[in-house]
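The values are calculated or read from the model by the stated rules, or taken from the named source; none is laboratory data. Please read these numbers as outputs of a predicted model, since none were measured by experiment. With ideal geometry, Cβ positions are generated from the backbone for all residues, glycine too; neighbour counts draw on all protein chains shown. Protein only, heavy atoms only, side chains kept; ligands, DNA and RNA dropped before computing areas. Shrake-Rupley method; radii C 1.70, N 1.55, O 1.52, S 1.80 Å.
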Amino acid sequence: MLKLASRSEAQSGDRTTGAAQDRRATGRSGHERSANGRGANERKVNDRRDGREGLKAALARTPVVAAVDLGASKVTCFIMKPEGVHKGDRTLTTAGVGYVQSRGIRGGAIVNLDEASDAIAQAVERAENVAGVNVQHVTVATAGGQLTSHRVAGRVSIGARPISDNDLIRAISHALAQIKLPGRRAAHILPIAWSVDGQGGVRDPRAMFGRTLGVELLVVSVSETVFQTLGACVERAHLQFEGVVAAPFVSALAALEEDEMDLGSVCIDMGGGSTSAAVFNSGSLVHVETVPVGGQHVTQDIARGLSTSIAGAERIKTLHGSAIASANEDREMIEAPPRGDDPGAGPVIAPRSLLKGIIAPRVEETLELLRDRLKASGAPVEPGAGLVLTGGASQLAGVREVAVRVFDRPVRLGRPRRVPHLADAASGPAFTAAAGILHRAAFGPREAVSAKALASAKLRREPLDPRANPVAKAASWLRENL
């Protein structure tokens, strides 16, 4: 009681002192104001200047960025402070890294909200302890939610005058008015290319002269129910949901070189519950594809084939697994723990060739399924485009060689190239998605609609009236969805 009373008295005293100061500042007599008019004017000028400088400093400060990669095998959190962005060489420095084994997630989807939220909270807490900061907002990367992408185009007339920001907004609105996403939520709206008077390949049309302005957009969307579940999961961990990003897209931002994006490349993110791809062409993301098969399915195949436990199969896969043949694999024997808790049961002994015979077909089937979906989608994959593999499942021995055979393209293993100061345990392909979220926050690319606007967008309950004019459609779409 004494402590509460003293705190209340102190607060009351502070308020009284502040009020008294305000009264002294504003209650001067007319004689004093006229005598000190010049000094008061100088003080006002100084106060305005200090206010402007303080506002500039506040706007220049970037808040702490927290990235959460919600995978089927692990949950990772990267934290970056404002001083961690180095624009000179376009590199980043993380302030804290934390990761825990994933729980409550199966096949890239949340199956237990409490367990998944606990895993997120633990990963964020570990990163906070290293960084020495408290995180309020997080951005979540996922390859689940039935990721899909759609390309739409719009064209508006501008007259023979310089193109302004308003013209860009009109063109984007016209393109977005042509797409409906029932039961889905847009995660990214990215300009692929601009055109002025039919001339394509324009990166930034502002200040250019022309009569027509065209834009082609890529809209990446996820299931609305999955989006809502992710938001509820994050909020249950006592964090604010900043938005969701496509894991293959941010993995590509962290792993691809700029030349690879310009000349054409495919980033394949091989996670535990799914395998997804991001196709780049002319420096822009042009397609996203995903298949619900990942590294956990390989582990389950091993557990079934060797009659061992899931934990034992994961250990065998990590220590002895390979997707290609090796010398003496018929004579080399491996041991796996038996299922159950029978103390009299001995270990399961099998030749290593049997393990390869389980792993190789599943890896090859997964990559072939992704290849066929990319072909069926008509994604503009350049003939000379290479492949970059990311994700934890890409570290399995022989995966790169299988990918070369399936896609008939050059393949390399990707790592977070823009975060050079990561520890060895957090610098592998499994951490590219979390690093890519930080890269997106620091260096872009700039999206047509901000992530915060997409996260707070409302669903359309009724379709647009097809008889409405295009301007009304665009205005209605932006008002209800953005």
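Quick notes on this structure:
- Within the span defined as segment 401-411, every residue fails to be touching a helix residue (DSSP H, G or I) at 6+ places or on another chain (Cβ under 8 Å), open to solvent by less than 20 Å² (accessible area, probe 1.4 Å), closer than 30 Å to I334 by Cβ and modelled with pLDDT under 95.
- Taken over segment 172-201, the residue count meeting the criterion of being at pLDDT below 90, farther than 25 Å from L454 by Cβ and not small (G, A, S) is 2.
- In the set (1) more than 22 Å from the chain's Cα centre (by Cα); (2) within 29 Å of A116 (Cβ to Cβ), A255 fails one condition alone, (1).
- Test: residue in segment 384-393 that is in contact (Cβ under 8 Å) with a residue 40 or more places away in the chain, over 26 Å from S284 (Cβ atoms), part of a helix (DSSP H, G or I) and more than 27 Å from the chain's Cα centre (by Cα): no
- Among the residues making up segment 213-229, a single one is assigned to a strand (DSSP E or B) and open to solvent by 40 Å² or more (accessible area, probe 1.4 Å): E216.
- Filtered by the rule that a residue be without any contact (Cβ under 8 Å) to a residue 40 or more places away in the chain and open to solvent by 70 Å² or more (accessible area, probe 1.4 Å), segment 131-166 gives N134, N166.
- Subset of segment 289-318 [among the β-branched types (V, I, T) and open to solvent by 40 Å² or more (accessible area, probe 1.4 Å)]: I310, T318
- Scanning segment 118-137 for residues that are modelled with pLDDT under 95 and under 19 Å from A247 (Cα atoms) turns up just one, H137.
- Scanning segment 87-130 for residues that are open to solvent by 80 Å² or more (accessible area, probe 1.4 Å) and hydroxyl-bearing (S, T, Y) yields one hit, Y99.
- Matching residues, segment 248-285, being surrounded by fewer than 22 Cβ atoms within 10 Å (Cβ to Cβ) and either outside any strand (DSSP E or B) or at pLDDT 95 or above (or both): E257, E258, D259, E260, M261, D262, L263, G264, S282, G283
- Scanning segment 171-191 for residues that are surrounded by fewer than 20 Cβ atoms within 10 Å (Cβ to Cβ) and of a type in the set (K, R) yields a total of 1.
- Note on segment 192-211: among residues that are open to solvent by less than 40 Å² (accessible area, probe 1.4 Å) and in contact (Cβ under 8 Å) with a residue 12 or more places away in the chain, the one that is nearest to F249 (Cα to Cα) is I192.
- Filtered residues of segment 423-450 (kept if crowded, with 18+ Cβ neighbours inside 10 Å, in contact with a Gly (Cβ under 9 Å, 6 or more places away or on another chain) and at pLDDT below 90): none
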